[in-house]
Amino acid sequence: MPDILLDFEKPIVKLEKKISEMKALAEEENLELAGTIRNLEKKLDKLVKDTYSGLSRWERVQLARHPARPFSLDYINHLFTDFTELHGDRLFGDDPALVGGPAFFNGRPVMVIGQQKGRNTKEKLFRNFGMMNPEGYRKAIRLMKMAAKFRRPIIVFVDTPGAYPGLGAEERGQGEAIARNIYEMARLPVPLVVVIIGEGASGGALGIGLGDRILMLENSWYSVITPEGCAAILWRDAAKANLAADALKLIPADLIKLGVIDEIISEPGGGAHRNFAGTADAVRTGLLTHLAELDTLDGESLISARLEKYAAMGYYHDR
Amino acid sequence: MVWFKRNTPGLAKQAKKNTPDGLWIKCESCKEIIYKKQLIENSYVCSHCEFHFRINSRKYIELLLDEGSFEERCEGMEAVDFLHFRDQKRYSERLKSARQKTGLKDAMRFGIGAVGGHPVVFSVMDFSFIGGSMGSVVGEKVARAVDLAREHRLPLIIVSASGGARMMESIISLMQMAKTSSRLARFSAEGGLYISILTNPTTAGVVASYAMLGDVHIAEPGALIGFAGPRVIKQTIGQDLPDGFQRAAFQLEHGFVDMIVNRKEMKSKLMTLLRFFTATGGTADA
């Protein structure tokens, strides 16, 4: 159970507590409370369902940032075997905000890459809150090219509040690193499946997020800018982030309509932080389905389909 | 309570002293008063301090292309407010007022032209159109410019000036980074030449896509070139940024642009590069 609660989660936790107290009471005092407990559990199911299905975009953004939300390494450790982390960009350094390396997925050798956040203060600082430096992008593309060399599909987990806006990042070419990655990813002759598991902030996400298939967890977001950043610029008030979230249309249900993503992976039982095993299972199923489809295409077909897919994105009048 | 009442208007009410319209202009950098005709003859570069005044796409076309050689393509392409985006203002209203203010359809134009007799595909951005932001129209025009260059086997030149992706087109504007970069990747793989000219400012989504993907990168002196905005970086690191941070000279020092070229010499530099890259006889057996 997560110890940090969002406002809309409080009634659920209160009810859960009540149920467990009643169960304990029934056992201790040997009381016949089964009927009451069953009713409360039914009530809880409905409450969970209603709460999480009726969330606003801004509430989903908060869930995507939930401190107890599973991170890339949680999925990697749960869904993959023999993951061997590889380090460094061979140019400057190693970026702990990006993890990656070969692993087996369902018995099959793949390259897995993900943005990694930290759980406690020490880890958060070590992972730089999931904000990558240029070395992270350069490490990611190095691993992706390695995957292409050995004809392994690539699986990417996206979870970042943005590329790191620091002095050193600019000195070492944050813009160039992201541009180069997008450019190179467009030409990789192997399947590329991207899963957005939490935050997908702008170029920071796209810098590892070009793909043949883009899957998104139900409580995740993907946008050209953070809602706070957008609110600060367009409303001149970062506190208007909820309005910006609605205007940006950044949740999976919006993005699938816009044709930017291919599948929404639902998070059973009130979100990935409450039911990790169920969510991870759904991610596995999604990955297997899309990899199987992509397996039928050769390298050239993958590259041209990817090009066509992004070529179709845009709304304009051409008179 | 007011004891005295001012009968004559205060000092603050006086209109700012302006230089007479049209004849003289004050340099934004060194504050010298420059004769406007001289400024125009000097490619809008201050003759005292070499400050490069911001100029629009029409002026770049005049400066860099041979007279009368430019044939514009997709002139009528227009943005659509497909998300019904509304902040304090509607996106559709922003588009309308930008079109009225600039007389342009969007922040990019492209076509076929010639640089000193070398035929090229030429694209140029207008910062005055919603900050040169990249939405669907800019992305599509870059993509079509690349395809035009590919189809006719011509060199591609893009003059960038942009604050980044256009927020009012949300995720679709982010996807223009993917659209433009993937087209450039194919063009380059097939041997196409692309020269990227970075002017003040070229930042965020445009720097993180087509502006940084040239075979040759040329910056105008003093141009701000970077991914994150200086204000955001300052907030993040909690200290003042060094002088010249993210300016053209900084990018040259850090290896992200090949050269800084004064606007007055830009055309002749382009001609030299085009001569080098398009000349036959590169290999002994050619």
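The values are calculated or read from the model by the stated rules, or taken from the named source; none is laboratory data. All of these numbers come straight from a predicted model, not from anything done at the bench. For neighbour counting, all protein chains shown are included, and Cβ atoms are generated from backbone atoms with ideal geometry for every residue, glycine included. Please note that ligands, DNA and RNA were not included when accessible areas were found on the heavy atoms of the full protein model with its side chains. Shrake-Rupley method; radii C 1.70, N 1.55, O 1.52, S 1.80 Å.
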For segment B:142-246, count the residues as N, evaluate 2.2 N^0.38 Å, and divide the Cα radius of gyration by that value, please.
1.17
Accessible-area composition of segment A:257-319, carbon plus sulfur, in percent [1.4 Å probe]
52
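A 19 angstrom limit on the alpha carbon distance is what I want to check against. Which of A:LYS257/B:LYS89; A:LYS309/B:LYS96; B:LYS141/B:LYS179 exceed it?
With Cα atoms farther than 19 Å apart: A:LYS257/B:LYS89; A:LYS309/B:LYS96.
Calculate the mean, over all residues of peptide B:222-235, of how many other protein chain Cβ atoms lie within 10 angstrom of the residue's Cβ.
Details: counts 0, 0, 0, 2, 7, 15, 12, 3, 2, 2, 5, 6, 2, 1.
Partner Cβ neighbours, averaged per residue: 4.
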Rounded to the nearest 100 Å², what's the accessible area chains A and B bury against each other, both chains counted, probe 1.4 Å?
4700
Run down the lysines and flag those whose C-alpha is under 19 Å from the C-alpha of A:LYS117, throwing out any fewer than 8 positions away in its chain.
A:LYS139
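Find the all-direction average of the projected area of the Cα convex hull for the protein assembly as shown, expressing the result in square nanometres with one decimal place. Display every interim value, and only then the final one.
On the way: hull surface 153.0 nm².
Orientation-averaged projected area of the Cα hull: 38.3 nm².
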14 Å beta-carbon shell around B:ASP240, net charge (K/R +1, D/E -1)
+1
Rounded to the nearest 20 Debye, what is the dipole magnitude of chain A about its Cα centre when Lys and Arg each give +1 and Asp and Glu each give -1 at the C-beta?
400
Please work out the Cα center distance from segment A:44-73 to segment B:28-59, rounded to the nearest Å.
55
Give, in nm to one decimal, the length gained when the segment between A:ALA238 and A:ARG90 is fully stretched (0.36 nm per residue of separation minus the Cα-Cα distance).
49.4 nm
Can you list which of the trypsin sites (Lys or Arg not before Pro) found in segment A:12-117 are DSSP loop residues with at most 13 other C-beta atoms within 10 Å?
A:ARG90
What shape does segment B:83-188 have by the C-alpha gyration tensor, where a ≥ b ≥ c are the square roots of the eigenvalues, rounded means a/c under 1.5, and otherwise prolate means a/b greater than b/c and oblate the rest?
oblate
Which one of B:TYR60, B:ALA107, B:SER43 is farthest out on the positive end of the charge dipole of segment B:31-134, using unit charges on Cβ (Lys, Arg +1; Asp, Glu -1) and the Cα centre as origin?
B:ALA107
Any of A:LYS18/A:LYS49; B:LYS37/B:LYS105; A:LYS14/A:LYS124 with alpha carbons more than 26 Å apart? Name them for me.
B:LYS37/B:LYS105; A:LYS14/A:LYS124
Just to be sure I understand the rule: take each whole DSSP H helix in chain B, project its Cα atoms onto its long axis, keep it if the span is 27 Å or more and its mean Kyte-Doolittle hydropathy is at least -0.5. Which ones pass?
B:170-189
Taking a cut-off of 18 Å between Cα atoms, list the lysines near B:LYS267, but don't count ones fewer than 8 places away on the same chain.
B:LYS59
Charge dipole (debye, nearest 20) of the protein assembly as shown; +1 at Cβ of Lys and Arg, -1 at Cβ of Asp and Glu
1860
Average partner coverage of B:185-194, which counts Cβ from other chains inside 10 Å
2
Decide, for segment A:61-311, between rounded, prolate and oblate: order the square roots of the alpha carbon gyration tensor eigenvalues as a ≥ b ≥ c, take rounded if a/c falls under 1.5, and otherwise choose prolate if a/b is larger than b/c, else oblate.
rounded
